[in-house]
Structures are given as structure tokens and as C-alpha cells.
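Peer 1: The structure's right below; bear with me while I get my questions together.
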Amino acid sequence: MIIAIDGPASSGKSTTAKIAAEKLGFIHINTGAMYRGIALKCIQGKINPTDMYEMDNILSGTKFKFCGKDEVDLFMDGVNISSEITTAEVTESVSRISAIPRVREKLVEYQREMADGIDVVLEGRDIGTVVFPDADHKFFLIADIHERAKRRMQEMEAKGEIVSLSALTAELKERDRIDSTREHSPLKKAEDAVEIDTTGLSIEQQVNRIVEIVTKSIK
């Protein structure tokens, strides 16, 4: 069974998908983390993302694997990059990397291979529209921009990174603009997706809504 969870940055996708997968006994694949991995590789290698020769080399030579407890840690080329891909530098560049058609084509191919033949919850921005348009269940999470900025600020403060709420709000608005207007695989709600506004919901409430719908279909 394929469960697709899409939505903009800081709408609650990752945490909700992870816990929902645990409750259902499914595998969780965080596709956004994979794009962050490519962004990290570009930063580390000082690669210009517009250089398609270099990008093709990166894409053809990169191997991803989710390992660790509940398979939530992302390993890139055998190295755990879970903490490195959440830095502000990676966050600032990932939307630009994600907008490159070749990057999306390669990672979509990779994601389909990873999910082949298993029960899985995938989350990202184009899972229900591009990666798995025939997914068994599709959900689209949204939240007020100010609520999303607060969540992002709390995440950064927990890691010792200090940034203003106004700056984060502006950053999220720009990410939304880039993600929703890119030519290749833009962020949008699938016509048959269930929309969940997470603004006033706890993580538990978000998860329960998804699990309830999926469980009913299984029964």
C-alpha cells in the first residue's frame, strides 16, 4: 500500500508521516531529505547546480538508504547525514536544487524503486501528483504561514540556531513561491487528496486522522 503525504515546508509532514508509518507498521520514506542530501553534496563540493555535467555526476554516483531505529536516519554514500541536512545553509538552497528537472527525475526514479513491493508512507511535495499518482491514499497538509514559521523557529532553536520569526516567515513564503511555481513537478494538491489543516492540531490529532482513514480502508 502506498500512502502519499504532501504539503509545504513546516506543515507537519515529516513528523506526521513518521508516526503514522509506525502506527500502521509501514516503512517511512522522507523524500525531502533526499533532496536535502543532494543540496548538501553541492555545498560540500562547491558545485554550481546549473552545471549539468557536475549534477549528472552527483546524481549517478549518489546512493541513499534509510537506516537506524525505525529507518528514519538517512545515509548518503554510507554516511549518516541526518543532522547535516537540517542546517540553515541546506534549507536555504534545497528549493533551488529541487527545482532542477534532472534532479527530480532521478530522485523520483529512486523513490519508486525504494517503495516497490512494500507498505510505505512517503512524504514530500509531489508524491500524490507525480511520484505515485495512483497512491492508495493521498493527504495534503497545510497550515497558517505564521504557525509554520513558529514551528521552524522552535526546530532551529532546539539546535542552537537563532533567527527572527519575521525572517523565517519571509523565507517560507519564498520557498512556497519557488515550490509552487517551478515548471517541473510543482507543489500542488492532488485532486483526490484529503486536505488537513494542521494549524490548530496536535501531532497526535494529525496522525490519528490519517491512520483512521487508512485503517478503515484496510478493514
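Peer 1: Rounding to the nearest 20 debye, state how big the charge dipole of the range 111-180 is about its Cα centre with +1 on each Lys and Arg Cβ and -1 on each Asp and Glu Cβ. It would help to have the intermediate numbers written out before the result.
Peer 2: Working: 11 positive and 16 negative charges, 72 e Å.
Approximately 340 debye in magnitude.
Peer 1: Determine which aspartates and glutamates satisfy two conditions relative to residue 18: a Cα distance under 15 Å, and not lying fewer than 8 residues away in the same chain.
Peer 2: Straight-distance partners of residue 18: 6, 70, 71, 73, 119, 123, 204.
Peer 1: Cross-link partners among lysines for residue 46, C-alpha distance below 20 Å, same-chain residues fewer than 8 apart left out?
Peer 2: Result set, ordered by chain and number: 63.
Peer 1: For residue 188, go through the lysines and keep the ones whose alpha-carbon is under 21 Å away, minus same-chain ones fewer than eight residues off.
Peer 2: Residue 188 reaches 13, 106, 138, 173.
Peer 1: Hey, another quick one. The range 1-113: D in µm²/s via Stokes-Einstein (Kirkwood Rh, Cα pairs, 4 °C, 1.567 mPa s)? List each step's numbers first, then the result.
Peer 2: On the way: Rh = 14.7 Å.
Using the Kirkwood radius from Cα pairs, D works out to 88 µm²/s.
Peer 1: Shifting gears a bit: Please state the equivalent ellipsoid semi-axes for the range 2-202: what are the square roots of 5 times the Cα gyration tensor eigenvalues, largest first, in whole Å? Could you put the intermediate results ahead of the total?
Peer 2: Numbers: eigenvalues 102, 93, 60 Å².
With the √(5λ) rule applied to the range 2-202, the semi-axes are 23, 22, 17 Å.
Peer 1: Can you give me the distance in nm between label points at residue 157 and residue 75, each placed 7 Å from the Cα along the Cα-to-Cβ direction?
Peer 2: 3.6
Peer 1: Counting Lys and Arg as +1 and Asp and Glu as -1, each charge on the Cβ, what is the dipole of the range 2-202 about the Cα centre in debye, to the nearest 20? The partial results should precede the final answer.
Peer 2: Details: 27 positive and 35 negative charges, 72 e Å.
With Lys and Arg at +1 and Asp and Glu at -1, about 340 debye.
Read-outs throughout are calculated quantities, based only on the coordinates presented, and are distinct from any laboratory measurement. No experiment lies behind these values; they were computed from the predicted model shown. Cβ sites come from the backbone with ideal geometry, for glycine too, and all protein chains shown count toward neighbours.
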